[in-house]
Structure formats: C-alpha cells, structure tokens
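Taking it in order: structure first as structure tokens, then the write-up.
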Amino acid sequence: TQPSLQDCLHRLQERLKSVENESLHQDFKALQAALQRVESDNSSTKSGDHYRGKISEMSSEVRDDNPYSRLMALKSMGIVKNYEEIRNFSVLVVGMGGIGSVAAEMLTRCGIGKLLLFDYDKVEIANMNRLFFRPEQAGMSKTDAAAQTLAAINPDVEFESYCHNITTTDNFEHLMQRMREGGKGGGPVDLVLSCVDNFAARMAINTACNELRVVWMESGVSEDAMSGHIQWLPPGGGGGVRRPPPPPPPPGVAPE
C-alpha cells in the first residue's frame, strides 16, 4: 500500500533530526501547519456533519438553530396546510448546470425528501463563475459534487447521484428504472425537472415521463442568457414537447 502523507511527513521529520539547518526545520514546521489546516477544512466540509445533525421532525419554533422555522411559517400565513409533507416527496433532476444546480439547491434548502441527480459532465474551473460548485471539486462528476455540497447544506435530504448520458440505451433504461422506483417509498418519483441544454436529452425525458405517466417540467435559457422558459407538462395529453404549438390567431383576433 502507498504510504499516507502523514507517514511521509513523519519519516521526513525523523531524517531532519540529524540535519543542522534551522531554515529547513522552519520550512518543515510550516508544511506541517499547512497540512493540518487542509485536514481541518476537509473534515469541516464532510456531508452533513459540519454544523448540525439530522432533524427528525420539522418545527415551527422560532430559534436561531432551527433551519425550518421560516419555511414552517408558510402554514401560519395560510399559504400551505402541511408544509412538513414536503419530506414525503422526491424529485428527479436531469442536468446540473445553471438551472439544475439552482433548482436542486432551492429544493434542498426547502427540505425536499429526496433528490435524484443526473448529469454526464464533470466540474471545471470554468464553472466557478456561475454555478455553486467549489474549486476543490474540479474533476468530480457534477452530480457527486452537487450531492456533497447539498448534503452539507441540509443533511435531512436523501440524494442519489448518477453520472451518465441518459440518451444511450442502457442509461435510458436506468433513468426509467429510477423514475419508477426512486420515490421515497420505493414507488415512482413525484416530479421530474428537465434542466438540460440539448434536444436529445429533452426527448428522452419526454418519452420516459409519458410512458411512466410522471409529471415533468421542461426549462431552458436563451443563448444570450437574457431570457428563458418553463413548461409544466403532465403525462399523456398530446405527447409533451413533441406536440407542436397551436397556430397563432388571425390578425386583430384576441387569443382564447
């Protein structure tokens, strides 16, 4: 087995005992301190253990350490009846780019029960300008990096991470299987979010959701990033995004 970094430092320290060079000893101490800082940072970013444990029941009690107090206030405001039921729902997100990463983060902060994340890409330094990934996650799959970050934000949420292209035959079958059985109780997921940037992936999601009769939402951003769209697509009823849009009304006639 390969020696650990700590083992290497220990061996180096033993060898330095016979060397009379104060500058070299100071450099070694600085190296030790830097390593300790890195280890401390890594331990503090492990999923879910850096600021709180899991919370068994949501509470509306207003406390500084209650992450759900402001969300549960939606009940007293009459906006929702049973906010805590959000924990019973599962959402499958395809695409962890500019739209998918934000959607997944918001669902995590709201306390969704389970997120299933799909993307074929890896984190790059070029992503740092607009996504929630961190520089030290460069090279990780976007789904694993997202699950790591999101679990640290809210350890109550369950995550599944899949790094593959859903448009291939085998991966499409796996997508279908997780849509059928990836829900909180082992049944179908409650919602699919299409946050992809290509036609083939949209058609794969459309086909899967229509076949399994799962509600999904399609989204997209224009090339100049100045506009976008969201569509709510219930299963059946005309083929989803394959259905052509209705013709525009004649000039001077208000649409129905």
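The values are calculated or read from the model by the stated rules, or taken from the named source; none is laboratory data. This is a predicted model, so every value here is computed, not measured. Here Cβ is always computed from backbone atoms with ideal geometry, including for glycine, and neighbour counts include all displayed protein chains. For accessibility, only protein heavy atoms count, side chains too; no ligands or nucleic acids. Shrake-Rupley method; radii C 1.70, N 1.55, O 1.52, S 1.80 Å.
Things worth noting here:
- By the rule of a C-alpha distance below 14 Å, with chain neighbours fewer than 8 residues away ignored, no aspartates and glutamates are paired with residue 81.
- Rounded, prolate or oblate (a/c below 1.5 giving rounded, otherwise prolate when a/b exceeds b/c) for region 92-172 by Cα gyration tensor: oblate
- Sorting 209, 110 by solvent-accessible area of protein heavy atoms yields 110, 209, largest first, with a 1.4 Å probe.
- For region 139-241, the fraction of C-alpha pairs farther apart than 15 angstrom is 68 percent.
- The residue 125 and residue 73 beta-carbon pair, evaluated with R₀ = 35 Å, returns a calculated FRET efficiency of approximately 0.35.
- Using θ = phi - 60° and Karplus 6.51 cos²θ - 1.76 cosθ + 1.60, couplings along region 66-77 (whole Hz; Gly, Pro as x): 9, x, 10, 4, 6, 6, 5, 5, 4, 5, 5, 7
- Loop trypsin sites (Lys or Arg not before Pro), region 122-221, which have at most 14 other Cβ atoms in a 10 Å radius of their Cβ (DSSP): 130, 213
- Partners of residue 142 within straight-line reach, counting lysines whose Cα lies under 28 Å from its Cα and excluding those fewer than 8 residues away in the same chain: 46, 54, 114, 122, 184.
- Estimated inter-spin distance, residue 81 and residue 34, nm [label 7 Å along Cα→Cβ]: 6.1 nm
- Point-to-point label distance, residue 231-residue 59, nm (Cα→Cβ direction, 7 Å offset): 4.6 nm
- In a fully extended conformation the segment linking residue 134 and residue 223 would gain 29.6 nm over its present Cα-Cα distance, using 0.36 nm per residue.
- Length-normalised contact order for region 151-243 - Cα pairs under 8 Å, 6+ apart - percent: 20 percent
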